[in-house]
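*Asks:* I'd like to ask you about the structure that follows.
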Amino acid sequence: MNAPVKIDTDTMSKGPTPADLTITVRDERFNRGTSPNRWWAGDAFGTAWHNALSATFPRGEAFFIEAVKAHRDGADPQLAAEIRAFVKQEINHTREHIAFNRLAEDHGYDIKAIDKRVEQMLALTKDRPVIVNLAATMALEHYTAMMAAEFLANPKHFEKADPEVRAMWEWHAVEEIEHKGVAFDTYLHATKDWTKWRRWKLRSLMMLIVSFNFFRNRWTDTLELLAQDGIKSWKAKMGLLKYLLVTPGVVRRIFPAWLAYFRPNFHPWDHDDRELIGKYEGEFEAALLPAE
Ligand SMILES: [Fe+2]
Ligand SMILES: [Fe+2]
């Protein structure tokens, strides 16, 4: 395993991104063995939801990387360093989600249709202005940051999950929090000549479009995986709704953070949640210590 590369930002921060932010590339590997079929506490709904999410990550994160890299010219040294760390983190996430997706396939889930739909969706982005792709990335990075903070803050989400699967999602969540401002700051840099109104309009519009597509597609994907698990029709729909809105209710819980994105002066670091990273690091290091 490579030693983690630490990118320390300096004191040149001009925006709300913390001046002492550290983005650490943790080159970890998970899930090279086996996991239980319904790894999420033996529950079909939590398992299917996360398997569906994970199936979209390899292509999705590659798209994020390209969208951010396309706008890095002229970035100040701090932002340039953050972009480099962001790219390294997302490349590692992709590798680990490919391994995780292989586990799902080993359990008999067919995720090829999900991957195909993501591929078709991304093909539509090829002919549009690159700044639109960055705005979509920024919206999706807000989704990953919201869910990451929720996963780490509320142990209910992964408490009873398979430990190795949980470790992978926690690791991913920590790094999503660390780099949550990178696509946003890249957008601010790329649109520095725009009016505030124009910036806000594209950011907000893309959040609405991305949200509509995200929920429509993840809903379809998850129902497809549930059907493969023998859960169909209203039983699948009611169970999934309950999972997302009631217990543990990830969608209900992230709603205030979603709404905040539409504030004219919103920035991902308005809310500094780095204490969640510290908590993970503590637990992670404790797990690595030899037992007395
Ligand atoms: Fe990621
Ligand atoms: Fe990310």
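Quick note: the coordinates plus some simple rules give every number you see, no bench work behind them. Just so we're clear, the structure is a prediction, and the values are computed from it rather than from any experiment. Neighbour counts are summed over all protein chains in view; Cβ atoms, including those assigned to glycine, are modelled from backbone coordinates with ideal geometry.
*Asks:* Filter the GluC sites (Glu not before Pro) in region 110-170 down to the DSSP loop ones having no more than 16 other Cβ atoms within 10 Å, then list what survives.
*Replies:* Passing both the DSSP loop test and the Cβ count: Glu159.
*Asks:* So which trypsin sites (Lys or Arg not before Pro) in region 18-83 end up in coil per DSSP with only 14 or fewer other C-beta atoms within 10 Å?
*Replies:* Those that pass, being in a loop and sparsely packed, are Arg29, Arg32.
*Asks:* How much net charge surrounds Pro36 when only other residues with a Cβ under 14 Å from its Cβ are counted (Lys, Arg +1; Asp, Glu -1)?
*Replies:* In short, -2.
*Asks:* Subtracting the Cα-Cα distance from 0.36 nm times the residue separation, let me have the gained length for Asp76 to Trp219 in nm, one decimal.
*Replies:* In short, 47.5 nm is gained.
*Asks:* Angle check, please: helix 250-260 long axis (alpha carbons) against the longest principal axis of the chain (alpha carbons), in degrees 0 to 90, nearest 10.
*Replies:* Computed tilt is about 10 degrees.
*Asks:* Using +1 at the Cβ of each Lys and Arg and -1 at the Cβ of each Asp and Glu in the chain, identify which of Ile98, Leu245, Thr186 lies farthest towards the dipole's positive end.
*Replies:* It is Leu245, whose Cα lies furthest towards the positive end.
*Asks:* Could you name the aspartates and glutamates in cross-link range of Lys237, using Cα to Cα under 20 Å and dropping any fewer than eight places away on the same chain?
*Replies:* Answer for Lys237, where 20 Å is the Cα cut-off: Asp43, Asp110, Asp221, Glu224, Asp229, listed by chain and number.
*Asks:* Could I ask something else about it? Can you classify the chain as rounded, prolate or oblate using the Cα gyration tensor, where a ≥ b ≥ c are the square roots of its eigenvalues, rounded means a/c under 1.5, and otherwise it's prolate if a/b beats b/c and oblate if not?
*Replies:* Note, shape of the chain comes out oblate.
*Asks:* What's the FRET efficiency of Ile98 with Thr195 using the Cβ-Cβ distance as r and R₀ = 51 Å, to the nearest 0.05?
*Replies:* Plugging the Cβ-Cβ distance into 1/(1 + (r/R0)^6) gives 0.75.
*Asks:* Using DSSP to define loop residues, name the chymotrypsin sites (Phe, Trp or Tyr not before Pro) in region 191-288 whose beta-carbon has at most 11 other beta-carbon atoms within 10 Å.
*Replies:* none
*Asks:* Using helices alone, what [θ] at 222 nm do you get for the chain, with -39,500 (n - 2.57) per DSSP H run of 4 or more residues, divided over all residues and rounded to the nearest 500?
*Replies:* So the helix-based figure for the chain works out to -22000 deg cm²/dmol.
*Asks:* Also, I was wondering about something else. What does the charge dipole of the chain about its Cα centre add up to, to the nearest 20 debye, if the Cβ of each Lys and Arg holds +1 and the Cβ of each Asp and Glu holds -1?
*Replies:* Charge dipole of the chain: 1400 debye, to the nearest 20.
*Asks:* A 30 angstrom limit on the alpha carbon distance is what I want to check against. Which of Lys69/Lys116; Lys192/Lys279; Lys156/Lys196; Lys69/Lys156; Lys88/Lys242; Lys88/Lys192 exceed it?
*Replies:* Flagged as over cut-off: Lys192/Lys279; Lys156/Lys196; Lys69/Lys156; Lys88/Lys242.
*Asks:* Using unit Cβ charges (K, R positive; D, E negative) and no other charged atoms, how large, in debye to the nearest 20, is the dipole of region 147-288 about its Cα centre?
*Replies:* 1140 debye
*Asks:* Report the extension gain between Arg252 and Ala153 in nm, rounded to one decimal, defined as 0.36 nm multiplied by the number of residues separating them, less their alpha carbon distance. Don't jump to the answer; show the numbers that get you there.
*Replies:* Working: separation 99, 0.36 × 99 = 35.64 nm, distance 1.46 nm.
Net length gain for the segment: 34.2 nm.
*Asks:* Compute the FRET efficiency between Glu281 and Ala41 as 1/(1 + (r/R0)^6), taking r as their Cβ-Cβ distance and R0 = 30 Å, and round to the nearest 0.05.
*Replies:* Computed FRET efficiency for Glu281 and Ala41: 0.75.
*Asks:* Would you grab the residues whose amide H sits under 5 Å from the one on Ala161? Only those 5+ places off in sequence or on another chain, please, with H modelled 1.01 Å from N.
*Replies:* Those qualifying (amide H under 5 Å, at least 5 residues apart or on another chain) are Ala41.
*Asks:* Measuring from a point 7 Å past the Cα of Asp272 along Cα-to-C-beta, which residues in region 155-176 have an amide N at less than 20 Å?
*Replies:* So the set is 174-176.
*Asks:* Give, in nm to one decimal, the length gained when the segment between Asp106 and Ala19 is fully stretched (0.36 nm per residue of separation minus the Cα-Cα distance).
*Replies:* Extending this stretch completely gives an extra 26.9 nm.
*Asks:* Normalised by the number of residues in region 40-282, what is the relative contact order in percent for Cα pairs under 8 Å and 6+ residues apart?
*Replies:* 30 percent.
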